[in-house]
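Down below is the structure, laid out as structure tokens.
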Amino acid sequence: MARERLYLFDTTLRDGAQTNGVDFTLADKLAIARMLDDLGIDYVEAGYPGANPIDTSFFAERRPMRGCLTAFGMTRRPGRSASNDPGLVALLDAQADAICFVAKSWDYHVRVALETTEDEMLASIRDSVRAAKAKGREVMLDCEHFFDGYKANPKYALACAKAAYDEGARWVVLCDTNGGTLPHEVEQIVGAVCKIIPGDHVGIHAHNDTEQAVANSFAAVRAGARQIQGTLNGLGERCGNANLVSIIPTLKLKPEYAQKFDIGVSDDKLNSLAHVSHTLDEMLNRAPDRHAPYVGESAFATKTGIHASAILKEPATYEHVSPERVGNRRKVLVSDQSGRSNVLAELERIGLRVDKDDPRVVRLLDEVKNREAIGYAYEAADASFELLARRMLGTVPKFFDVSYFDVKVEQRGQNGSTEVLTTAVVKVKIGDEMLINAAEGNGPVNALDVALRKDLGKYQKYISGLKLTDYRVRILNGGTEAVTRVLIESADEDGEHWTTVGVSPNIIDASFQALMDSIIYKLVKSGAPA
Ligand SMILES: [Zn+2]
């Protein structure tokens with residue numbers, strides 16, 4: 001049976017840019033647009049030309065892409081002609097393949113927000129679609145508040161969609177702008193729309209305010225819609241947009257959709273999905289969500305011994321899809337509760353070949369248990385586990401020694417104002433060479449980190465792409481006997497992430513251990529010579 005084409009539209013750079021704390025530079029936008037295009041997204045909506053200088057310069061020149069570069073903007077203002085609306089003129093001049101207009105399809109908004117009439121709004125839609133088509137652009141209309149609008153006044157909501165379609169818009173996109181519509185309502189309303197406008201011209205734009213944006217997108221597809229709008233990692237204001245990183249693998253790997261639809265993302269590119277998701281987090285300087293479906297670090301993690309031994313024999317026993325398909329990996333957690341099969345599974349993943357009856361496996365397991373009893377957490381710190389395993393099996397080169405470090409925090413006051421200064425000094429011995437590094441930092445751990453990584457002699461080139469992406473501190477067992485556990489997450493130029501752990505009654509010492517493990521892990525990974 002021939003499969004039907006289903007189109008993906010990404011709005012990470014427009015709707016996603018509305019997220020609190022997200023501020024894309026022009027370089028970020030160009031890099032993300034390239035990444036989305038490479039992934040196989042059909043439409044990349046890169047911004048709103050005229051709304052801010054970055055979006056305006058994005059569309060000021062031609063940005064060649066495989067897919068369809070889309071500019072977003074409003075239909076002509078009420079009471080003006082298309083040629084007499086500077087906003088619309090700027091949008092029409094933008095160097096884009098497609099234009100996505102937004103128009104109000106809820107009569108309540110037309111009256112209250114726009115203070116105009118329904119007829120004028122419909123005329124604005126028709127005029128704008130016509131003007132963009134005359135410019136040779138592919139045109140679509142985002143029907144804002146479509147579902148709330150449809151519930152209040154189906155006749156007007158449908159008239160908006162129909163006006164765009166009749167004028168030749170390629171797509172009419174039904175938006176759940178407030179994000180409160182439920183899947184059964186979406187399915188029913190999209191079904192009604194598809195009786196009037198063919199489903200291969202209908203799109204869905206869902207927000208996640210009831211945590212059902214992905215489910216709503218699939219409900220719309222079941223009802224006939226053939227374009228899904230969403231963002232990477234579900235970025236977007238409030239609770240976010242529909243998460244394409246969850247939608248894409250579901251479309252590719254679940255037979256109900258895979259047998260029915262083709263999308264622009266190839267099997268090969270699907271393998272890069274975890275990387276794409278983590279790269280975006282990287283650019284936003286956020287730690288990736290460990291529990292994200294498909295791509296999270298814990299998405300295919302198993303903890304208990306019985307599950308682990310079953311998973312090794314037959315992965316399908318506890319996995320709904322194979323993690324490699326989306327570029328993730330199976331992770332059998334090494335923890336206090338785990339048995340020998342977990343350790344063996346981790347050793348296999350790391351690539352350390354040992355006989356399953358090797359007595360060192362039992363020694364390693366005992367060591368993990370002893371260390372976890374005093375506060376280490378190896379299930380979160382995969383890189384520290386790997387180093388421990390490699391050390392016990394005798395394969396970590398001695399790269400360097402830190403023979404001394406000193407961290408000083410001082411408060412200086414003058415005329416009632418005070419500042420806190422932190423400096424660190426580190427002595428590193430590499431072979432016969434002694435290096436002394438000093439650095440200032442915004443706190444003791446930062447100063448120590450900067451000093452440690454300032455000059456590592458012949459190893460410096462291996463760690464130049466290393467950066468710390470997350471730092472977490474937890475105080476264990478409370479009181480004056482408290483022990484501090486530090487988890488440090490690092491990343492490198494290849495986009496790989498790893499976590500290391502340190503434990504000590506002293507937070508600086510715990511941080512130092514985790515920092516050292518991170519650097520040594522990176523040297524091992526890069527194949528640095530001893
Ligand atoms: Zn939106």
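Considering only the other residues whose Cβ falls under 12 Å of the Cβ of Met140, what net charge follows from Lys and Arg at +1 and Asp and Glu at -1? Display every interim value, and only then the final one.
Values: positive: Lys133, Arg137, Arg170; negative: Asp42, Glu45, Asp97, Glu138, Asp142, Glu167.
Net of charged neighbours comes to -3.
Could you tell me how many degrees, from 0 to 90 and to the nearest 10, lie between the Cα long axis of helix 154-166 and the main elongation axis, the longest principal axis, of the Cα atoms of the chain?
90
If Lys and Arg each add +1 and Asp and Glu each add -1, what is the summed charge of the other residues whose beta carbon sits under 13 Å from the beta carbon of Leu114?
Numbers: positive: Arg76, Arg77, Arg80, Lys104, Arg111; negative: Asp107, Glu115, Glu118, Asp119, Glu120, Glu144.
Every neighbour counted, the sum reads -1.
If you keep only loop residues by DSSP, which chymotrypsin sites (Phe, Trp or Tyr not before Pro) in the stretch 197-287 have at most 10 other Cβ atoms within 10 Å of their Cβ? Each step should come with its number before you reach the end.
Values: sites: Phe218, Tyr257, Phe261; in loops: none.
The qualifying sites: there are none.
What's the center-to-center distance, using Cα atoms, between the stretch 3-18 and the stretch 422-475 in Å?
42
Taking other Cβ within 10 Å of each residue's Cβ, how do Met140, Met65, Met121, Met434 sort, fewest first?
On the way: Met140 28, Met65 17, Met121 23, Met434 13.
By the 10 Å Cβ count, ascending: Met434, Met65, Met121, Met140.
Name the shape class, rounded, prolate or oblate, that the alpha-carbon gyration tensor gives for the stretch 72-119, where a ≥ b ≥ c are the square roots of its eigenvalues, rounded holds for a/c under 1.5, and otherwise prolate holds if a/b is larger than b/c and oblate otherwise. Mind showing how you got there, number by number?
On the way: a/c = 3.35, a/b = 1.75, b/c = 1.91.
Oblate shape, in that a/c is at least 1.5 and b/c is the bigger or equal ratio.
For the chain, what is the calculated [θ] at 222 nm in deg cm²/dmol (nearest 500), taking -39500 (n - 2.57) for each run of four or more DSSP H residues and dividing by its residue count? Before the final figure, lay out each step's value.
Working: 19 runs with 196 residues, N = 530.
For the chain, the value works out to -11000 deg cm²/dmol.
Under unit Cβ charges (Lys, Arg +1; Asp, Glu -1), what dipole magnitude, rounded to 20 debye, does the chain have relative to its Cα centre?
Details: 63 positive and 74 negative charges, 140 e Å.
In debye, rounded to 20, the chain gives about 680.
For the peptides 406-415, 231-240, what is the packing order when you average, over each peptide's residues, the other Cβ atoms within 10 Å and list the highest mean first? Can you show the working numbers first?
Details: 406-415: 10.2, 231-240: 21.8.
Peptide ranking by packing, descending: 231-240, 406-415.
With Cβ to Cβ distances under 9 Å as the rule, what net charge do the other residues near Arg76 carry (K, R +1; D, E -1)?
On the way: positive: Arg77, Arg80; negative: Asp85, Asp127.
Computed value for this residue: 0.
Take Ile508, Ile196, Ile189 and order them by how many other Cβ atoms sit within 10 Å, fewest up front. Show your work: numbers first, answer last.
Details: Ile508 19, Ile196 12, Ile189 24.
By the 10 Å Cβ count, ascending: Ile196, Ile508, Ile189.
Using only Cα atoms, tell me the angle between helix 382-392 and the longest principal axis of the chain; keep it within 0 to 90° and round to the nearest 10.
Result, in degrees: 30.
With the cut-off at 1.5 for a/c, could you classify the stretch 178-285 from its C-alpha gyration tensor as rounded, prolate or oblate? Could the numbers behind the result be given before it?
Details: a/c = 2.39, a/b = 1.32, b/c = 1.82.
Oblate shape, in that a/c is at least 1.5 and b/c is the bigger or equal ratio.
Using the charge dipole of the chain (Lys, Arg: +1 at Cβ; Asp, Glu: -1 at Cβ; taken about the Cα centre), state which of Tyr294, Ile32, Ala161 has its Cα farthest towards the positive end.
Final value for the positive-end residue is Tyr294.
Hey, rough spin-label estimate for Gln414 and Glu493, points 7 angstrom out along Cα→Cβ, what's it come to in nanometres?
4.1
Once you have a ≥ b ≥ c as the square roots of the Cα gyration tensor eigenvalues for the chain, tell me rounded if a/c is under 1.5, and otherwise prolate or oblate according to whether a/b is larger than b/c.
Values: a/c = 2.56, a/b = 1.79, b/c = 1.43.
Because a/c hits 1.5 or more and a/b exceeds b/c, the chain counts as prolate.
Between the stretch 393-409 and the stretch 163-196, how many Å separate their Cα centres?
So the separation of the two Cα centres works out to 61 Å.
Cut-off is 10 Å between beta-carbons; in what order do Ser128, Ser490 appear when sorted fewest neighbours first?
Details: Ser128 28, Ser490 24.
The most exposed by this proxy come first: Ser490, Ser128.
Give the residue list of trypsin sites (Lys or Arg not before Pro) in the stretch 19-78 that are DSSP loop and have at most 16 other beta-carbon atoms within 10 angstrom.
Numbers: sites: Lys29, Arg34, Arg62, Arg66, Arg76; in loops: Arg62, Arg66, Arg76.
Taking the stretch 19-78 and a limit of 16 other Cβ atoms within 10 Å, the loop trypsin sites (Lys or Arg not before Pro) found are Arg62, Arg66.
If you filter the stretch 147-221 for trypsin sites (Lys or Arg not before Pro), then keep DSSP loop positions with at most 15 other Cβ within 10 Å, what is left?
Answer in residue order: Lys195.
Read-outs throughout are calculated quantities, based only on the coordinates presented, and are distinct from any laboratory measurement. Predicted, not measured: the structure shown is a model, and the values here were computed from it. As a convention, Cβ positions derive from the backbone with ideal geometry for all residues, glycine included, and neighbour counts pool all protein chains shown.
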